[in-house]
Amino acid sequence: MASGISWTSYPKNLDLRRSRRRRAQQPAKIVTGPETMIHCEVCDISAGGAKLIIRDDLPLPDFFKLYIVGHTLQVFEACLRWRGGGYAGVSFEMCGAGEAERRTDPAYPPLFAH
């Protein structure tokens with residue numbers, strides 16, 4: 001490391017996110033298949049991701065659609081980044097190789113017809 005500071009020497013509360021998060025209390029649904037939804041709540045959100053309140057005993061796939069209910073319905077392609085303590089962290093950016101195929105996968109149809 002050029003700076004001489006190891007990663008572990010940074011304060012634990014240092015936020016290295018690219019987007020500023022804002023608190024939220026919005027109901028949401030995780031769609032894991034054509035007829036499978038999991039209820040959760042968004043507790044904070046940014047342009048790049050969100051922190052969800054969700055039961056630890058509910059299994060989550062690595063990639064899913066996240067429907068957030070607010071003044072308008074928002075739909076995100078989400079990538080699971082971490083999980084624990086009744087929470088899950090997701091990102092909304094491209095989640096890796098094969099993302100284009102996942103977006104067109106018939107296992108993830110839109111919930112609401114336009």
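Please go through region 27-53 and pick out each residue that is closer than 17 Å to Thr72 by Cβ and part of a strand (DSSP E or B). Pro27, Ala28, Lys29, Val42, Ile45, Ala50, listed by residue number.
Mind checking whether some residue in region 65-74 is out of contact with any strand residue (DSSP E or B) (no Cβ under 9 Å at 6 or more places or on another chain) and within 18 Å of Arg22 (Cα to Cα)? Within region 65-74 (the criterion being out of contact with any strand residue (DSSP E or B) (no Cβ under 9 Å at 6 or more places or on another chain) and within 18 Å of Arg22 (Cα to Cα)), the answer is yes, since at least one residue qualifies. The residue pairs whose first member lies in region 54-73 and is among the charged types (D, E, K, R), whose second member is modelled with pLDDT under 90, and whose beta carbons are closer than 6 Å, counting only pairs six or more residues apart or on different chains, are Lys65/Tyr108.
A count restricted to region 63-86 and to residues that are in contact with a Lys or Arg (Cβ under 9 Å, 6 or more places away or on another chain) and surrounded by 15 or more Cβ atoms within 10 Å (Cβ to Cβ) stands at 8.
The values are calculated or read from the model by the stated rules, or taken from the named source; none is laboratory data. Please read all numbers here as calculations on a predicted model, not as lab measurements. Reconstructed Cβ throughout: ideal geometry from the backbone, glycine too, with neighbour counts over all protein chains shown.
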